[in-house]
Structures are given as C-alpha cells and as structure tokens.
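Inspection log for the structure reproduced underneath, given as structure tokens.
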Amino acid sequence: QWLGHQTVEWSEHYYRGLFRRTGLLVAGANNVASLFEKAAEHISPTIYGEIIPTLGKGLEAASEGYDGIILLGPFNCLQYRISEAILKPCSIKQGMPILTYESDGYAVSPSVLRQVEVHVQQVLEHAARHCMVP
C-alpha cells in the first residue's frame, strides 16, 4: 500500500508539472490519502494498481464540484471493469452523468462520438441544475 501511494504521488507530481507548462492544468493537486480512503469503502486497499485512485477520484468528483465523469480504459482491463462496475451505480445514485469507454486502440466510431456529445449535454444540464440549487 505504501509503495502504491508513493507511486501515485510521484506520477501525479511529474504529470502535473508537464501539464502546468501547457496551460491545460485546470484542477488542484489530489489528496492521495483521501482518494485511498474513499476507495477503501468499496474495494480492498491492498489491491495494487490504478483502481484505487480511479475509484477515489470518481467517488469524490461531485463533492469537488465536477458535473460529470468520463471513465476511459484499455480493452479487456479488469481494473477498468471493476472501476466501471462500482462508479456507474454510485454516479447514477448521485445523479452524476458518467460516460465509460473501453478503447481497443482503433479510431473512435461515430456512435461513440455521439455518446460523447450526449454526455456533454448531460454535464451541461447537471451544471445548470447545480447552479440553481442554493
């Protein structure tokens, strides 16, 4: 668990530095301990890999002010599938739009692009409802 935590922190620091230089960094740093804690409510924290930060961030998305989630994963990846199986019902329960996409490395089909357009519209509607609520 400690090694996983250290790996995630190093990786985040490295990639945030790269994105900061491009101007594409739009969010603050993650509280990795909080991500692990949140994910541990749904899956064993002894599992190593990207599933813990993926779940933790997805579960914290609404409380951090996000209006939707896009979950991308490689074809036939068990950790992606488990994340999807946990995040989808949680997101639906919260009313948070979620789009999942399993990539096989080929070009994105027009039907998937249409799903992205629909998801963007759902996110905008969620944001509009969120702004109305005091």
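Quick notes on this structure:
- Positive-end residue of SER83, VAL116, ASN31, charge dipole of the chain with Cβ unit charges: VAL116
- In this structure, the amide hydrogen of LEU99, modeled 1.01 Å from its nitrogen in the peptide plane, lies closer than 5 angstrom to those of ILE69, ILE70, LEU71, counting only residues at least 5 positions away or on a different chain.
- When +1 charges are put on Lys and Arg Cβ atoms and -1 charges on Asp and Glu Cβ atoms, the dipole computed for the stretch 14-134 relative to its Cα centre reaches about 200 debye.
- Integer Hz, Karplus 6.51/-1.76/1.60 couplings in order for the stretch 83-100, x for Gly and Pro: 4, 4, 5, 8, 6, 4, x, 5, 5, 4, 4, 7, x, 8, x, 9, 10, 10
- The Rg/Rh ratio of the stretch 90-134, with Rg taken over Cα atoms and Rh as the Kirkwood radius over Cα pairs, comes to 1.10.
- All-pairs Cα distance distribution in the chain, expressed in whole percent, bin size 5 Å: 2, 9, 17, 19, 21, 18, 10, 3, 0
Values quoted throughout were computed directly from the atomic coordinates according to the rules given, and no laboratory measurement underlies them. Source: prediction; values computed, not measured. Cβ sites come from the backbone with ideal geometry, for glycine too, and all protein chains shown count toward neighbours.
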